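Here, each number is a calculation from the coordinates, and none is a lab measurement. These numbers were taken from a predicted model, which means no experiment stands behind them. Positions of Cβ are generated from backbone atoms using ideal geometry, with glycine treated the same way; all protein chains shown enter the neighbour counts.
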Amino acid sequence: MNNALVKTYFPHLRLAALAGRAGGTTRASAIENAMLALSVMREEGDATIVETIGAMEGILGEAPDGRIGKDVLQSLLTCADQLVTLAAMFNYESLDQAARSFCDLLEAFFESGDGDAAPLVIHLRALHLMAPGSEPLSGESGRTVLEELARLRHHYGATG
Amino acid sequence: MTHVRLNLRGVRSLIVDRDHFTRSLVAQMIRGFGMEGPTLVDSAAAAREHLRHSCVDLCIMEAVLPDAASPELISWIRRQNKPPLCFIPIIVLSGYTQLRMVNAARDAGANFVVRKPVSPQGLFDRIAWVARADRPFIETGTYMGPDRRFLSIDPPDNARKRSGDDCACTGDHDGALLAPNGLVSALKKGGSL
């Protein structure tokens, strides 16, 4: 193909044609309906959160001598991304922040190519504390835990 | 934006995500928007197979699939020489830590890259934007997809983004997600297309 040739199309999208028909749903109603539809998945979501934390513990437990390589970090990142989605979707605010902290730390390790298991283990303990089904933390305790996680991130150069 | 109405009944959608639960979450959201049951697949290969035999009006895919990165699948779709398949709107859901995928997905021809966790508000606004904005498609020797000269402006009807999305890619406005940074800068300084 000639690199200099540029073609411009104005495609007729079926999505646009359908969406523009009369009737339909307002944004507010659509979002309300979606939230309602999601709420029926909360129980399954809670179970998946706990399973995901368990899976991360399993992955970390296999790391030899507390040092973790990029393949392990990638596996943990995949789980942690999933955890962020679930925590935010079901409005677990502290869990969401702790999971993002975990992701930021993993990302920093990924960038530096050097992973230390200790701060990750601490994050996993925090995630357990904040997971659904655990004894709820008081607001102050939750803040303290998140502050400690922030200190850890700072120590390891994870900017987030 | 609250008065915007979308009639999504009859819209055929395809959701591609390796994780069963995430697929179900996105499917529930779009059912709530009024679309009938989406088709759910877990890999790029399954998506290709579905697209070879069926038409869809919207494709929502995860940034990293088990058998391919999303740019590979997007490029395959865009290079299919059979409209409307090559023009279908594609929304990529990028993981919290997968920002490095954003440019690749954009350059492969994605309409939008949305950072997870995706909210019903965020997803609805992106679908509304795709459905209501007349964005031309560009084909060159190296690119086929929506025009990337995409202004840093609000969606149609002033739909707002989540504030968290604004820093999803470059720390710039969400519009910059799909626009060359130099062009956005030029436009901010008063330039025009």
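Convert each backbone phi in segment B:5-17 into a coupling constant with the Karplus relation 6.51 cos²θ - 1.76 cosθ + 1.60 (shift: θ = phi - 60°), then list the ³J(HN,Hα) values in order as whole Hz, x for Gly and Pro.
10, 10, 9, 9, 5, x, 6, 9, 10, 10, 10, 10, 7
In segment A:77-105, whose amide N lies under 15 Å from the spot 7 Å out along Cα-to-Cβ of A:Thr159? List them in ranges.
Counting only backbone N, you get A:104-105.
Contact order normalised by length for chain A, with contacts defined as Cα pairs under 8 Å and 6 or more residues apart; what percent is it?
Contact order relative to length: 23 percent.
Enumerate the calculated ³J(HN,Hα) couplings along segment B:100-110 in order (Karplus 6.51 cos²θ - 1.76 cosθ + 1.60, θ = phi - 60°), each rounded to whole Hz, writing x wherever the residue is Gly or Pro.
Using θ = phi - 60°, the values come out as 5, 7, 4, 4, 5, 5, 4, 6, 7, x, 5 Hz.
Take A:Ala118 and A:Lys7, extend 7 Å from each Cα along the Cα→Cβ direction, and tell me the distance between the two endpoints in nm.
In this crude spin-label approximation the distance works out to 6.1 nm.
Place a +1 charge on the Cβ of each Lys and Arg in chain A and a -1 charge on the Cβ of each Asp and Glu, then give the dipole magnitude about the Cα centre in debye, rounded to the nearest 20.
Dipole size: approximately 980 debye.
Which of B:Cys59, A:Cys103 has the fewest other C-beta atoms within 10 Å, and how do the rest follow up to the most?
A:Cys103, B:Cys59
Please list, in order along segment B:38-54, the HN-Hα scalar couplings obtained from phi with the Karplus expression 6.51 cos²θ - 1.76 cosθ + 1.60 (θ = phi - 60°), rounded to whole Hz, x for Gly and Pro.
Karplus values, whole Hz, x for Gly and Pro: x, 8, 10, 9, 10, 8, 5, 5, 5, 5, 4, 4, 5, 5, 5, 10, 9.
Give me the one-decimal nm value for the distance between modelled label points at B:Asp107 and B:Arg149, 7 Å along each residue's Cα-to-Cβ direction.
2.0 nm
Using the alpha-carbon atoms, what tilt in degrees (0 to 90, nearest 10) does helix A:139-155 show relative to the longest principal axis of chain A?
90 degrees
R0 = 30 Å: FRET efficiency of A:Asp46 with A:Asp71, Cβ-based, nearest 0.05?
Taking R0 as 30 Å, the efficiency between A:Asp46 and A:Asp71 is 0.55.
I need the calculated FRET efficiency for the pair B:Arg9 and B:Ala133, taking r as the beta carbon distance and R₀ as 22 Å, to the nearest 0.05.
0.60
Report, by chain and number, residues whose modeled amide H sits under 5 Å from the one on B:Ser13, excluding near sequence neighbours (fewer than 5 apart, same chain).
It is B:Thr39, B:Asp57, by chain and number.
Tell me, how many Å apart are the Cα centres for segment A:82-160 and for segment B:119-148?
If we compute the Cα centre of each part, the gap is 34 Å.
Using Cβ contacts closer than 10 Å as the measure, can you line up A:Ser75, A:Ser39, B:Ser94 from fewest to most?
By the 10 Å Cβ count, ascending: A:Ser39, A:Ser75, B:Ser94.
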